[in-house]
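See below for the structure under consideration.
The values are calculated or read from the model by the stated rules, or taken from the named source; none is laboratory data. Quick caveat: nothing in here was measured; it's all calculated off a predicted structure. Using ideal geometry, Cβ is built from the backbone for each residue, glycine included, and neighbour counts are taken over all protein chains shown.
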Amino acid sequence: MQKSICIISGRYPTTVFQSPVNHRIYADSHKYSYIHCNWPTGLDNVYLNKIAYILQYIDHYDYIIWIDDDAFFMDFEKDIMDYAPKDDCFISFCKSPEHKALKTYLSSGQFIVKCNALAKQFFNDVLKTNLNEVKAWWTDDLGYFTNGDQDVMVYLLHQNEAYINRVKRYDYKCFNSRWENLIDEDVHQPLILHFTGRGATKKQNYILAQNTLNLHPSLVPNSLLKPYGIATQDSYLVAHKTQNKSFLNRLLRRVRG
């Protein structure tokens, strides 16, 4: 029997990125359902909104793929379900990039979950766990503490017997690539490009990626945008007040050859 698979993304307050277009077109490319969530949940910690969104739909699908609003699919032919949890595992994450100074045990910016009773219990436990207890338990070898859902997930995967050894962590290049992987750090073809960091840095790197690849703000090629009636253009070069133009020019010359 064919499995029902849904990609879910979004945030509240609503995203400033055109990632929903990207996520929808990728989902259509692989005949998956897509749901964009941008509604308030009443939770105090906005990082936990994604957990509420997933729990809203977990009973309706065999697998859910979560992707943050600051992450974009870049390879529309590659199937992310190649990294779906198998056997006794119920959830798949990527590790943090090795070349980053600031590392985390895993990235909850995108993951794949098998929609079973264990997964449902896990997400409910995430909502019930006190973040202060997690912070008191945290050790440096687990990496940067983000004050969000990611830390609680790491805690439960280490401390709760029900979840120990039930997770698969892939190398970051599988579906957690970063902007610098396009140009000069461990260069490869990303499946997902994840923009991280503080707001200004994140937005600047997003524009640099758009300029370097000459892509629409959704980071979707024109050939895939046209069937949706989305206006396209030949050049998407965008000026940004925080850009150093000489740096950008050097960067573009380097990327183009």
**Request:** Please enumerate the residues belonging to the range 167-186 that are part of a loop (DSSP other than H, G, I, E, B) and crowded, with 19+ Cβ neighbours inside 10 Å.
**Result:** 175, 176, 178
**Request:** Evaluate the range 101-122: report whether one residue or more is in contact with a Gly (Cβ under 7 Å, 6 or more places away or on another chain), crowded, with 18+ Cβ neighbours inside 10 Å and over 12 Å from residue 9 (Cα atoms).
**Result:** yes
**Prompt:** Which residues, taken from the range 22-45, are surrounded by 20 or more Cβ atoms within 10 Å (Cβ to Cβ) and in contact (Cβ under 8 Å) with a residue 40 or more places away in the chain?
**Reply:** 22, 23, 25, 26
**Request:** Find the residue count for the range 212-252, including only residues that are modelled with pLDDT under 95 and either assigned to a helix (DSSP H, G or I) or among the acidic types (Asp, Glu) (or both).
**Result:** 9
**Asked** Can you tell which of 91, 80 is more than 27 Å from residue 217 (Cβ to Cβ), among the β-branched types (Val, Ile, Thr), surrounded by 17 or more Cβ atoms within 10 Å (Cβ to Cβ) and modelled with pLDDT of 95 or more?
**Response** 91
**Request:** Only one of these is among the basic types (Lys, Arg), more than 17 Å from residue 189 (Cα to Cα) and in a helix (DSSP H, G or I): 86, 100, 50. Name it.
**Result:** 50
**Prompt:** Only one of (1) under 26 Å from residue 197 (Cβ atoms); (2) in a loop (DSSP other than H, G, I, E, B); (3) at pLDDT 95 or above fails for residue 72. Which number is that?
**Reply:** (2)
**Prompt:** Of the residues that sit in the range 37-69 and are out of contact with any helix residue (DSSP H, G or I) (no Cβ under 6 Å at 6 or more places or on another chain) and charged (D, E, K, R), which one is nearest to residue 204 (Cα to Cα)?
**Reply:** 68
